[in-house]
Structures are given as C-alpha cells and as structure tokens.
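Below is one structure, written out as structure tokens, with a few remarks after it.
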Amino acid sequence: MGVLWTEPARVLVDRTDHGLAGLWSLVFAAQHGALRLALDRHLDGDLSLTLAAMDLGEALEDLEWASPDLPAVAVAVDLGSVPVDAVGDCRVAIGVLLAGGLEMTAGLLRDPSQDLDTPDVLCLARVVHLLSNAHLRVSGRMP
C-alpha cells in the first residue's frame with residue numbers, strides 16, 4: 001500500500017503561506033494529483049479528471065502571468081504515486097487542496113493589506129472559477 005494523499009494535502013493546506021505563492025503551491029499539487037489519476041483510463045473514462053487538470057493548468061498560467069516569479073519562489077509539491085487501493089482518498093485529497101485554494105483566494109481578495117490592483121483581482125476571479133470547476137469535476141458532480 002502506498003502513502004495516502006489526504007494527510008499530506010491537509011498539512012500543505014494548513015502550513016502554506018497565505019499569498020500568491022501559497023496558492024500556486026496548492027494548485028500545482030492538485031493539478032499533479034489530477035494528472036496522475038487521469039493517467040488511468042478506468043478512473044477517467046468520462047475525462048473529468050483530464051478536464052480538471054486542464055482547468056488547474058489554466059489557473060497556474062493565470063497566476064504565473066500575474067506574478068511571473070511564482071514557479072521560482074513557490075514550493076512545488078507532488079503527493080506521489082496513486083495508491084492502488086485508495087483512489088477515493090486521492091480524489092478527497094485533491095478536493096482538500098482545491099477547497100484550501102478557494103479559501104486562500106477568497107482571503108486574498110478580502111484582505112486590504114494585499115493592495116491588489118485590477119489585473120490581480122481579475123486574475124484571482126478567474127482562478128476562483130477554474131478551481132471551482134476543477135473541484136466539481138474531481139468530486140464527480142460535473143463531467
């Protein structure tokens with residue numbers, strides 16, 4: 001049995017700095033998890049995981065457009081290989097990362113000390129939409 005993803009995902013959400021770099025780290029980890037699951041055609045017959053990974057890739061691109069140094073300064077986390085007998089746990093872990101990312105994005109938008117300009121706000125608004133779609137796809141509530 002491989003290492004379950006849920007606990008490391010929760011630790012990442014709890015300990016990641018609340019800023020664009022922390023948000024990038026959560027989205028990066030979620031995208032890699034979705035990509036690993038999407039590699040199994042039996043798990044991704046409806047392509048929902050592939051589409052979620054694409055949404056998360058777009059979110060990463062948007063964040064990197066707003067702050068080009070993110071890939072160099074943010075922590076890149078890979079949760080590891082998919083445990084054969086714990087695919088449900090993997091989906092839950094990705095959901096935890098996405099929920100954490102949505103909460104972090106909302107916090108960034110509410111915090112006046114962030115001093116966000118209009119392009120940053122528009123970027124985060126798009127990221128919220130993409131993370132929400134990915135969450136619905138990973139949880140099976142949207143194809």
Scan the range 10-91 for trypsin sites (Lys or Arg not before Pro) in coil per DSSP, keeping those whose Cβ has at most 11 other Cβ atoms within 10 Å, and list them by number. Arg41
Between the Cα axis of helix 48-66 and the main Cα principal axis of the chain, the angle (0 to 90°, nearest 10) is 20
Have a look at Asp89, Asp14, Asp117 and tell me which one the Gaussian network model of the chain (Cα, springs below 10 Å) gives the largest fluctuation. Asp117
Taking a crude spin-label model, label points 7 Å out from Cα along the C-beta direction, the Leu43 to Arg10 distance in nm is 2.0
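For the chain, what does the relative contact order come out to in percent, with C-alpha contacts under 8 Å and a separation of six or more?
Details: 191 pairs, mean separation 55.6, N = 143.
39 percent.
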Cα-based Rg and Dmax for the range 6-138, in Å, come out at 14.2, 46
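Readers should treat all values here as calculations from the given coordinates under stated rules, not as data from a laboratory. None of these values were measured; they are calculated from a predicted model. For neighbour counting, all protein chains shown are included, and Cβ atoms are generated from backbone atoms with ideal geometry for every residue, glycine included.
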